[in-house]
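S.K.: Pasting a structure here, questions to come.
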Amino acid sequence: MTETIGIWIAAFLTLCMFSFLYKDNPFYKFAEHLFVGVSMGYYIPYTFYNAFIPYAYEPLFLKKEYILIIPFIIGILYWFRFSSKYSWVSRYPIAFGMGIVGMGVPMGMHANVLVQMRTMMLPLNNINIILIFFGTISILLYFFFSKAHKGVYGKFTSIGIWFMMVGFGASFGYTVMARISLLIGRIQFLLGDWLGLIK
Amino acid sequence: MKFADRIQKVDRRIIYGILALAVILPLVFRLGLKTYTTTPVEDLYRHIDAAAGKDDMAIIMDFTHDPGVLPELYPMDLAILRHCFQRNIKVFTISFLPQGAAIIQLALSEVKEDYPNIEANVDYCNFGFKPWSLKLPIMLGMGDDIAEAVETNSEGLKLENLPIMQNMKNYDNIQVVVEISGSSMGQFWVTYARAKFGVDVAVGLTAVMAADVYPFLQTGQFVGSLGGLKGAAEYEQLVDIFAMNNTEFSKKNARNMAWVEAQYKELPELAKLYKYNKARIGMDAQAIVHVLIILFIILGNIGYFLDQRAQKKKFVK
């Protein structure tokens, strides 16, 4: 019974959302606002009970791990964002956050730059590697603006534009597929779970 | 109104209506279009399957996604879990998003009802939700000791006391980490877990993100990937034709459509359940809509060029 009620509510809200395709209306607005409220309503208590209680409250107050007072205080400093006079205090926890980003720089350099470069330095012995080689060089030169894009150099850099266009085309095709998949998901729900037309 | 003007000024609601029909009709009247598997999906299947029947190897499934992307990612969740339960592969599930924890429960319970012999904390272990801020300590900590880094499972039980952890220590016991998300979370696993500990990483992504992973597939930083609904459909098929028939993976067979068709005829009833075919059924509608969109683009361009020519003629006169 509970499941049936849930399916009917979900179907009603899905149709409310779809009604926007005709034009903006109060049903769409109701469903949109409800979605924002429910998301936050779910997120806040879930995080409180599954993050704050087990990782802050219990170790500090029940297990007496007093070393946690330091990160606890640093975390509390975030709340100074709400004070116009003392909002500068919140920059200290942000600085710690930036420190963590810094920790990722060497590993990020390795994963995103060095390993990528290494595959560019392979022998040009198959068509894929040759295409990748010319694509990378021509695109990099296209973004080199200290030399006018004229003559042979200009023609070579224009190959880079073609490579980029192919990349944008692939991304656009995938984006269409993603959006249609979401529509298919909702229609499968309406026809299957709600109306029982597909099983 | 001329033809060129008419096709340039079609009411968007008519287009939405045609699009809705193009989705609804193939879902109700199934077309059963063929699914052709691709290398990134086959590679992921092969990697996961390599852990079959091993007590000291497991895979990690990271469900860092929310309900908004379920139509694309949930069929992947089910297909990978079904593969693991069918082939006796140990699974650890984790999510760094609160919403992901509920999706893990849903996926596990849905697949587990078809595998009554599969036991929690013996054949699989749900680590549950871990706060986003702990993802780095956990990712790095698992390189030394999984039980110490994760501490407890979703029920609050200490990992070190669970039977599944008896032969599991660190990433040496992890066959592959499969990140299923609609974000760049897979990059974190590559940057921290793969770069430092060399663990294999693969991704299941929404189609929007799929094009971005190809550079990482080429370098081998991702050992496989599932791109959107198409990737999920391919994985469903591989599970059906190999895992469900307890056959070893073979790339040659996977691409031999006559062999694939023959495997489909011998499938057990379990594999025919709607929930395990959802992505392939969805791909029927996807194919029709893609043809429709191509037609729309061609018609729009014809209208544009006819309009340009008419305006040029008018200008010459």
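Read-outs: derived from the displayed coordinates by stated rules, not from any lab. Because the structure is a prediction, the values reported are computed rather than measured. So basically every Cβ, Gly included, is an ideal-geometry build from the backbone, and we count neighbours across all protein chains shown.
S.K.: Please enumerate the residues belonging to the stretch B:1-20 that are out of contact with any Leu (no Cβ under 6 Å at 6 or more places or on another chain), within 14 Å of chain A (Cβ to nearest Cβ) and surrounded by 12 or more Cβ atoms within 10 Å (Cβ to Cβ).
M.R.: Result: B:ILE15, B:GLY17, B:ILE18, B:LEU19, B:ALA20.
S.K.: Quick one: is A:GLY160 out of contact with any strand residue (DSSP E or B) (no Cβ under 8 Å at 6 or more places or on another chain) and buried (at least 16 other Cβ atoms within 10 Å of the Cβ)?
M.R.: Against the criterion (out of contact with any strand residue (DSSP E or B) (no Cβ under 8 Å at 6 or more places or on another chain) and buried (at least 16 other Cβ atoms within 10 Å of the Cβ)), A:GLY160 qualifies.
S.K.: Another question, if that's okay. Within the stretch B:210-230, which residues are more than 8 Å from chain A (Cβ to nearest Cβ), buried (at least 20 other Cβ atoms within 10 Å of the Cβ) and in a helix (DSSP H, G or I)?
M.R.: Within the stretch B:210-230, B:VAL213, B:PHE216 qualify.
S.K.: Right, another one. Which of the residues spanning the stretch B:194-209 are of a type in the set (Gly, Ala, Ser) and at the interface with chain A (Cβ under 10 Å from one of its Cβ atoms)?
M.R.: Matches in the stretch B:194-209: B:ALA195, B:ALA207.
S.K.: For residues that are in a helix (DSSP H, G or I) and at the interface with another protein chain (Cβ under 8 Å from one of its Cβ atoms), tally how many sit in the stretch A:177-199.
M.R.: Looking only at that region, the number is 13.
A quick yes/no check of all residues on (1) hydrophobic (A, V, I, L, M, F, W, C); (2) outside any loop (DSSP other than H, G, I, E, B); (3) more than 25 Å from B:SER250 (Cα to Cα):
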| position | (1), (2), (3) |
| --- | --- |
| B:ARG46 | no, yes, no |
| B:LEU78 | yes, yes, no |
| B:LEU106 | yes, yes, yes |
| B:PRO116 | no, no, yes |
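S.K.: Additional query: Would you check which residues across the stretch B:149-184 are of a type in the set (Lys, Arg) and closer than 23 Å to A:ALA51 by Cα and list them?
M.R.: B:LYS158
S.K.: Could you please tell me which pairs satisfy a Cβ distance under 7 Å, a separation of 6+ or placement on different chains, a first residue in the stretch A:112-141 that is under 30 Å from B:ALA193 (Cβ atoms) and within 9 Å of another protein chain (Cβ to nearest Cβ), and a second residue that is outside any loop (DSSP other than H, G, I, E, B) and of a type in the set (Ser, Thr, Tyr)?
M.R.: Note: pairs meeting the criteria are A:VAL115/B:THR219; A:GLN116/B:THR219; A:THR119/B:THR219.
S.K.: Output the residues belonging to the stretch B:99-129 that are more than 23 Å from A:PHE48 (Cα to Cα) and either of a type in the set (Lys, Arg) or within 11 Å of chain A (Cβ to nearest Cβ) (or both).
M.R.: B:LYS112 - this is the single residue of the stretch B:99-129 that is more than 23 Å from A:PHE48 (Cα to Cα) and either of a type in the set (Lys, Arg) or within 11 Å of chain A (Cβ to nearest Cβ) (or both).
S.K.: When residues of the stretch B:130-150 are filtered for being at the interface with chain A (Cβ under 10 Å from one of its Cβ atoms) and buried (at least 17 other Cβ atoms within 10 Å of the Cβ), how many remain?
M.R.: Counting residues in the stretch B:130-150 that are at the interface with chain A (Cβ under 10 Å from one of its Cβ atoms) and buried (at least 17 other Cβ atoms within 10 Å of the Cβ) gives 2.
S.K.: Okay, moving on. Tell me whether the stretch B:34-41 contains one or more residues that are surrounded by 18 or more Cβ atoms within 10 Å (Cβ to Cβ) and either touching a strand residue (DSSP E or B) at 6+ places or on another chain (Cβ under 9 Å) or assigned to a strand (DSSP E or B) (or both).
M.R.: Among the residues of the stretch B:34-41, at least one is surrounded by 18 or more Cβ atoms within 10 Å (Cβ to Cβ) and either touching a strand residue (DSSP E or B) at 6+ places or on another chain (Cβ under 9 Å) or assigned to a strand (DSSP E or B) (or both), which makes the answer yes.
S.K.: Kindly indicate whether any position in the stretch A:15-22 is more than 28 Å from B:GLU155 (Cβ to Cβ), within 11 Å of chain B (Cβ to nearest Cβ), out of contact with any strand residue (DSSP E or B) (no Cβ under 7 Å at 6 or more places or on another chain) and outside any helix (DSSP H, G or I).
M.R.: Yes, some residue in the stretch A:15-22 is more than 28 Å from B:GLU155 (Cβ to Cβ), within 11 Å of chain B (Cβ to nearest Cβ), out of contact with any strand residue (DSSP E or B) (no Cβ under 7 Å at 6 or more places or on another chain) and outside any helix (DSSP H, G or I).
S.K.: Just checking, which of A:TYR46, A:TYR78, A:TYR42 is in contact with a strand residue (DSSP E or B) (Cβ under 9 Å, 6 or more places away or on another chain) and either farther than 26 Å from B:GLN99 by Cα or in a helix (DSSP H, G or I) (or both)?
M.R.: Unique residue meeting the criteria: A:TYR46.
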